[in-house]
Structure formats: C-alpha cells, structure tokens
Amino acid sequence: MKRILPLLILFLCLTNITIAQVQTNCKKICIVDKVVYDTAYLGVQFGSPCDKENKTDKGVIILKVIDGTAAADNNLQDYDIVLAVNGLEVNRRGDAINAIKAYNPFDTVRFTINREGKTIYKTIVLGAKNTTIIQEEICCEDATAVLSKDNITIFPNPAVNQLNVSFKQVVQGEYDFAIYMTNGVLVKEYKKRFTEGVLNEDINVDKLEEGVYVLKISKNNATYSNLFVVKRN
C-alpha cells in the first residue's frame, strides 16, 4: 500500500499537468453545441400475435405507422407484417423491438415485409428515438472539423424552394454562407451567427433558377463546400 500511494499521487499530478498543458496550448476556448442521438427508431407501433388474422403466421404486425418517421418516409403501411430485420427472423413484438435497438441511429437496415400475402423488401435508414444537445469546450484551433462533410448534411437534394443545412456539432459564433454557380458566379451570400442550441440553418433557394450550385460555409480559416441541385419539375 505504501508503494502504491506515491505512484497514485504521481499519476494524478501528471494527469493534471497534461490537462493544464492542453488548456495552456489553447489560444482560445470555443463552445461546441453537439447533438447526441438516443436509440435507433423505426417509427411504428408493433402488435402482438393476437392482432394478426392468423395467429400462427410468422412475423410481427405493424398496427400503426407514425407520421414523420423513417417508416412513414419509406411507405411502410399499417398491417404490414415484418418477417425479418437484416435477415434475422422476428416473430414476437419484443424480437422486432430488440432487433431494431441493436442498430445505431442512421444505420441502413433491410426489412422483409409481408404485405397482403406478398413478400417485399424495404431498405430503410433508421431514425433516432430522441436527440439531446450538449455543450463541450474545445480549442478553437480544433474547430475546423466542424466544417467537414462528416459533420454536415444538406437536404433535400435536389431542393425546390428551401435547402436545410444540419450540423452534428457547431462551434458557436459567426459563419459566412455563400452560394455559387458552377462557373464561379456568386448568387447569394450572408452571415449567420450560431447561438446556444442552434444546429440547423434553412436557406431559401426559391429565387434561384434550376441547376447545379455550390454551397460554401466558412469560419475563420476553415471552409465547407458541397454541390446541390435546384429542381422544380
């Protein structure tokens, strides 16, 4: 015990020194808003074997498809029967729920469905049951990752009248937004200040003609760029 105690004290001291060095090396601390996703979510209410016309049939019946979820977006229907989730057979409500929970939000999963006696397949990107926004402190020098393609999603693409920009995490502060034609002509630009809890930006593109455009988002020396399409017919 006498030998362990000095080693423990030394470890704690080194840990504190390391943390202090990291904080000292930061020229400036930035606050990051980060979205944390809960369990994977399909967006249906499963029934029990008693809810099926033939209680001995395989699979789990869908009693209700919830609007605005992955299930609704992929045209699952009330009274569809889920036979398998990524090849794993499910015959009880708990089987289906646990099979979906085994995945992460936004994983792509293949469902085998019995619809009015016919077998169909649906490849669905799962949603998230709940989302929470948390805050973290990072070195502003490390904030360039916020403008990476892994951190930003734009949709819908093609867009009609509005383009949504969704961040997984955002460093609070001012960003420059710009839209260019593919020949380099600037057609729209503005500044946006992201405050606590803001992780999305809606861009009106209703005045843009149909075609391909480049979206650029900049902060300090970091820049994100991606192509999107405006199409109305």
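Scanning region 33-58 for residues that are of a type in the set (D, E, K, R), in a loop (DSSP other than H, G, I, E, B) and at pLDDT 70 or above yields Asp38, Asp57, Lys58. Figure legend. Inter-residue proximity from region 149-163: first residues free of Cβ contacts under 8 Å to residues at least 24 places away in the same chain and not assigned by the TED database to the domain that holds Ile203, second residues surrounded by 11 or more Cβ atoms within 10 Å (Cβ to Cβ) and assigned to a strand (DSSP E or B), beta-carbon distance below 7 Å, spacing 6+ or different chains. No pairs are indicated.
Please go through region 70-101 and give me each residue that is under 12 Å from Gln45 (Cα atoms) and either in contact (Cβ under 8 Å) with a residue 40 or more places away in the chain or touching a helix residue (DSSP H, G or I) at 6+ places or on another chain (Cβ under 6 Å) (or both), ordered by number. Matches in region 70-101: Ala71, Leu76, Val82, Arg93, Ala96, Ile97. Of all residues in region 195-209, those satisfying the criterion of being within 19 Å of Gln162 (Cα to Cα) and either in contact (Cβ under 8 Å) with a residue 60 or more places away in the chain or not in a strand (DSSP E or B) (or both) are Val198, Leu199, Val205, Asp206, Lys207, Leu208, Glu209. Number of residues in region 121-154 that are surrounded by 12 or more Cβ atoms within 10 Å (Cβ to Cβ) and in a strand (DSSP E or B): the value is 13.
Going by the structure shown, is Gly173 at pLDDT 85 or above, at negative phi and of a type outside the set (Ser, Thr, Tyr)? So Gly173 does not fit the description; no. Could you list all residues from region 195-217 that are of a type outside the set (Asp, Glu) and over 16 Å from Lys168 (Cα atoms)? If the condition is that a residue be of a type outside the set (Asp, Glu) and over 16 Å from Lys168 (Cα atoms), then Ile203, Asn204, Val205, Lys207, Leu208, Gly211, Val212, Tyr213, Val214, Leu215, Lys216 are the ones that fit.
The values are calculated or read from the model by the stated rules, or taken from the named source; none is laboratory data. Given the structure is predicted, the values throughout are model-derived calculations rather than measurements. FYI the Cβ positions are ideal-geometry reconstructions off the backbone, even for glycines, and counts take in every protein chain you see.
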